[in-house]
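Notes follow the structure.
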């Protein structure tokens, strides 16, 4: 998988129909309008889930091979979809959010990403260049103390609005407050011309057979049994 990504990354970046940028206008992704329109309902679902913050799975429990990004319990997740695999028990707790996601199959992964108080993720790059990353800001305790940097270019989340960027550039995120910062974290298929588009979809469709996807899925299934007894 890593060798394949090394070969295709220059092509997928250069031929992105949206251009070669760090940040993009999030309105270019159709799901943005629905997420922002129904933010109040999505936020209510998040408020219900976050009551069990201490039970949400820490990042390193799902991806122990990436502890260089975060190795404590201050980055927690609640998966709805990962590499096209739905986590149905979790989805039942967020029906409005799930319904929106199901109407947009080009969203291949979606989960709540929560940074704990005074938490900073270490610099890292996304593992696959065939997607762009979309965030819907769910809970931003301070508009200037919660931010991210992508290849030297900074941006602030604004609650209820989306942020679209290319995560294959080195980036990191910061929550410099004493409260939780949360976003709905999504991977959306990058718009590419044929035949690169076919190649991209083929890789995503077969991703679950790779250890990079299979091992986190298996670990998440074990966590589910505790969260949904």
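Where a number appears in this text, it was derived from the coordinates with a stated rule and is not lab data. Just so we're clear, the structure is a prediction, and the values are computed from it rather than from any experiment. We place every Cβ from the backbone using ideal geometry, glycine too, and count neighbours over all the protein chains shown.
Here are the numbers for the structure shown:
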quantity	calculated
Calculated FRET efficiency for the pair residue 224/residue 6, C-beta based, R₀ 30 Å, to 0.05	0.35
Set of region 66-107 residues, backbone N closer than 20 Å to the point 7 Å along the Cα-Cβ line of residue 33	97-107
Order of 6, 171 under a 10 Å beta carbon neighbour criterion, fewest first	6, 171
R0 of 35 Å, Cβ-Cβ distance residue 71-residue 217: FRET efficiency to nearest 0.05	0.95
Whole-number percent relative contact order across the chain, with pairs defined as alpha carbons under 8 Å at least 6 apart	25
Scaled radius of gyration (Cα, divided by 2.2 N^0.38 Å) that the chain gives	0.96
Spin-label model distance (nm) - residue 161 vs residue 103, 7 Å beyond Cα toward Cβ	2.2
Point-to-point label distance, residue 176-residue 202, nm (Cα→Cβ direction, 7 Å offset)	4.7
Where a label projected 7 Å from the Cα of residue 89 along Cα→Cβ would reach, residues of region 201-229 with amide N under 16 Å	217-229
20 Å cut-off, amide nitrogen to a point 7 angstrom out along residue 48 Cα→Cβ, residues in region 88-105	88-103
GNM result for the chain, Cα springs below 10 Å: residue of 217, 157, 205 fluctuating most strongly	205
